[in-house]
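Here's the structure, in structure tokens; my notes come after.
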Amino acid sequence: MELPKGRIFRRRAKLFALAIVLTLISIIMIYPLLWTLITALKTNRELFLDPWGLPSNPTFENFFKALDRGNMGTAVINSLIVSLSSVFLISVIAPMAAFATSRLEFRFRGIVTNLLIAGFFIAPHAVLVPLLLLLRDMGLVDSHLGLILSYVGWNLPFAVLFMKAFFVSIPSSLQDSARVDGLSKYAMYQKIMMPLALPTILTVAIIMFIGIWNDFLFAFIFLRSPSNFTVPINLLNFTTGRYGNDYVAQSAAVLISAIPTIVLYLVFAERIRKGVAFMAFGR
Amino acid sequence: MREKNSLVVSKFFTLKGLRELLDSQAGFLMALPALVFAVLFVFYPLAQMFYLSLFRWNFVSPNMVFVGLDNFTRMFLNDQVYLRSLLNVILLAGQSSAIQIPIGVALATIILRYRRVGGLFWAIIFLPYVVSSVAVSLIWTWMYNPYFGSVNVFLRAVGLGFLARPWLGDINTALIAIFGTVNWIYIGLTTTMTIATLRSIPPSIFESARIDGLSGFQEFRKITLPLLKELIVVLVIIDIAGAFKFFDLIWVMTQGGPSDSTHVTTTWLYRAAFRASEPGYGSAIGVTVFIFSFVIVQLLIKFTRSRLTR
């Protein structure tokens, strides 16, 4: 069927307009990140003389400055320790609890399930004072362990909720056949359920890693000494201290902080979006 | 009787008996580690927050002064900044819903309709969400910088130099500037949640619509929009809960200033509890944050669920 010429033209004009709008939005989304990258390769003099200019002599000096004098090197190591430890604990504890609360019978299962999930709906900001007091009583203020335990406690609810959605979807015939084979419930979990859940656990782990790597709040309240700082709080410290006017070095620090999560996103985009979209349905 | 008791006791001491006991309690035992974390780090502090909210204290003094509900009356009757922070939270939730949801829905339908370009576009608009809020806040503080900030450089370049100003330092524009950054971060998330919802619609519906000769807009209005209704309700609820969880961006960009005009409840809570060393008052603010964000949101969820599933 041939379309009349006017209609083809209108269609093309519409597509053209749409392309322009999408391009404009893309530019708005990308531009601030790109500007930061270009700024990180300049000198402060160049930044103030020509904010839009390209670096006349691009160097990585700002990055070394951020890592070394800006304490970003230490902060990256701290963040890796804290994020990876928290993610590991969550990845072990959450699937187990999710399996138990969705596939096994036990007394008070409903109450236990609600207790495990409630934290997802509570703003941790509300309890900052008692949380700090708790860590103080445990002797864990300004320590990585205190931070890790807090991250595990407040990220488990989402992880459990997410894993539950997976375990609920497994056919019960699998569980029945395991029972017939005489496997204990632990063996059933370890030998059958957990291997099946591994891709979902990976999704949870990636989302948790990004969230914890990026977290500012808990680190801001619980950490005191720069040698313990994680990346986001160190970033803020770098912009308010002695190097408060060294915008080009700060730009480099911002990029260093964002590289790990951006790389993860580029590799696991589909998984991350799927997991994040779950927040809408998890509620 | 004696026999039976010894049987129960001996159950613990044989390997087989122990194994059976452990297996019968497997569900609870496997949930236990998570439960310990929930009780210790979520519910115990939550209970203590309610308790502390009834006291005047300064973190270090051994005697806490019981003041009843004074912290709450002070908050609602005498604390202008707290009331302002509540208004800001409402504005934040309102503008997020009003701006992000329509744009997010439009972008989601476009992405799903033009798959090839759409995939790349989707990847781009979601990118800011994976960058830390502190990094994003710093980047946008520079965007708004009066000397080298791109916003002002752009305005001057296109002849609108009279609009140039220190966006975050100006009491009339600081909040708007923050909202701009908020939308820049979260538009990708809203779009992604919408796409996930639309993808749960069987594609055959769209195919038959196309065969019936529905235009893109008609298709959107007749099929997509009704199916989106529940999602929109969910997104509004997320925006409300999110506004009460808002902290990082405001703390890094303005610290609640200028003249305390950009505080949200969480930043004001932080100021009260940790800068002014009034953990009792801070906890009282926490109680209101909890009630507004948790209780009201749960009620909203229940209300909309029962209405939507009827």
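When B:Ile250, B:Ile232 are checked against the criterion of being modelled with pLDDT under 95 and among the hydrophobic types (A, V, I, L, M, F, W, C), B:Ile232 stands alone in meeting it.
Just checking, how many residues over segment B:162-195 are among the hydrophobic types (A, V, I, L, M, F, W, C) and touching a Leu at 6+ places or on another chain (Cβ under 9 Å)? The qualifying residues number 13.
Does A:Glu46 count as of a type in the set (Asp, Glu) and either over 27 Å from A:Asn78 (Cα atoms) or within 14 Å of chain B (Cβ to nearest Cβ) (or both)? Spelling it out, A:Glu46 is indeed of a type in the set (Asp, Glu) and either over 27 Å from A:Asn78 (Cα atoms) or within 14 Å of chain B (Cβ to nearest Cβ) (or both).
Residues that are assigned to a helix (DSSP H, G or I) and more than 7 Å from chain B (Cβ to nearest Cβ) were ranked within segment A:100-117; the one that is farthest from A:Val168 (Cα to Cα) is A:Ile111. Residue check: B:Ser10 meets all listed conditions (1) at pLDDT 80 or above; (2) loosely packed, with under 12 Cβ neighbours inside 10 Å but one, namely (1). Taking segment B:261-304 as the range and being touching an Asp or Glu at 6+ places or on another chain (Cβ under 9 Å) and modelled with pLDDT under 95 as the test, only B:Thr304 passes. Residues of segment A:50-99 that are assigned to a helix (DSSP H, G or I) and more than 27 Å from A:Thr203 (Cα to Cα): A:Glu61, A:Asn62, A:Phe63, A:Phe64, A:Lys65, A:Ala66, A:Leu67, A:Asp68, A:Met72, A:Gly73, A:Thr74.
Take the conditions (1) within 10 Å of chain B (Cβ to nearest Cβ); (2) in contact with a Lys or Arg (Cβ under 6 Å, 6 or more places away or on another chain); (3) not hydrophobic (A, V, I, L, M, F, W, C); A:Pro260 misses just one of them, which is (2).
When B:Gly161 is tested against the conditions (1) within 25 Å of B:Lys229 (Cα to Cα); (2) at pLDDT below 90, the lone failure is (1). The set of residues in segment B:134-164 that are at the interface with chain A (Cβ under 7 Å from one of its Cβ atoms), more than 14 Å from A:Tyr31 (Cα to Cα) and surrounded by fewer than 23 Cβ atoms within 10 Å (Cβ to Cβ) comprises B:Tyr147, B:Phe148.
Can you work out which of the residues in segment B:19-36 that are more than 14 Å from A:Thr101 (Cβ to Cβ) and either crowded, with 16+ Cβ neighbours inside 10 Å or touching a Lys or Arg at 6+ places or on another chain (Cβ under 7 Å) (or both) is nearest to the other protein chains (Cβ to nearest Cβ)? Step by step, filter segment B:19-36, then rank; the result is B:Asp23.
Does B:Arg84 meet the test of being assigned to a helix (DSSP H, G or I) and surrounded by fewer than 16 Cβ atoms within 10 Å (Cβ to Cβ)? It is false that B:Arg84 is assigned to a helix (DSSP H, G or I) and surrounded by fewer than 16 Cβ atoms within 10 Å (Cβ to Cβ). Counting only helices (runs of 4 or more DSSP H) that fall entirely inside segment B:95-180 and contain at least 1 residues that are in contact (Cβ under 8 Å) with a residue 60 or more places away in the chain, the qualifying elements are B:101-113, B:115-130, B:133-143.
When restricted to residues that are surrounded by fewer than 18 Cβ atoms within 10 Å (Cβ to Cβ), more than 8 Å from chain B (Cβ to nearest Cβ) and modelled with pLDDT of 85 or more, segment A:269-283 contains 1. Exactly one residue among A:Leu255, A:Leu235, A:Leu223 is modelled with pLDDT of 95 or more, more than 10 Å from chain B (Cβ to nearest Cβ) and within 27 Å of B:Gly242 (Cα to Cα), and that residue is A:Leu223. When A:Leu47, A:Leu22, A:Leu18, A:Leu34 are checked against the criterion of being touching a residue at least 12 places away in the same chain (Cβ under 8 Å), over 30 Å from A:Leu198 (Cα atoms) and not assigned by TED's automatic domain parsing to the domain that holds A:Asn237, a single residue qualifies: A:Leu47. Scanning segment A:238-252 for residues that are under 26 Å from A:Asp142 (Cα atoms) and facing chain B (nearest Cβ under 8 Å) returns A:Thr239, A:Gln250.
Restricting to segment A:67-123, name every residue that is of a type in the set (Phe, Trp, Tyr) and either without any contact (Cβ under 8 Å) to a residue 12 or more places away in the chain or within 23 Å of A:Ala187 (Cα to Cα) (or both). Within segment A:67-123, A:Phe88, A:Phe99, A:Phe106, A:Phe108 qualify.
The values are calculated or read from the model by the stated rules, or taken from the named source; none is laboratory data. Every value quoted in this text rests on a predicted model; they were computed, and no experiment measured them. All Cβ positions, even for glycine, are placed from backbone atoms using ideal geometry, and neighbour counts span all protein chains on display.
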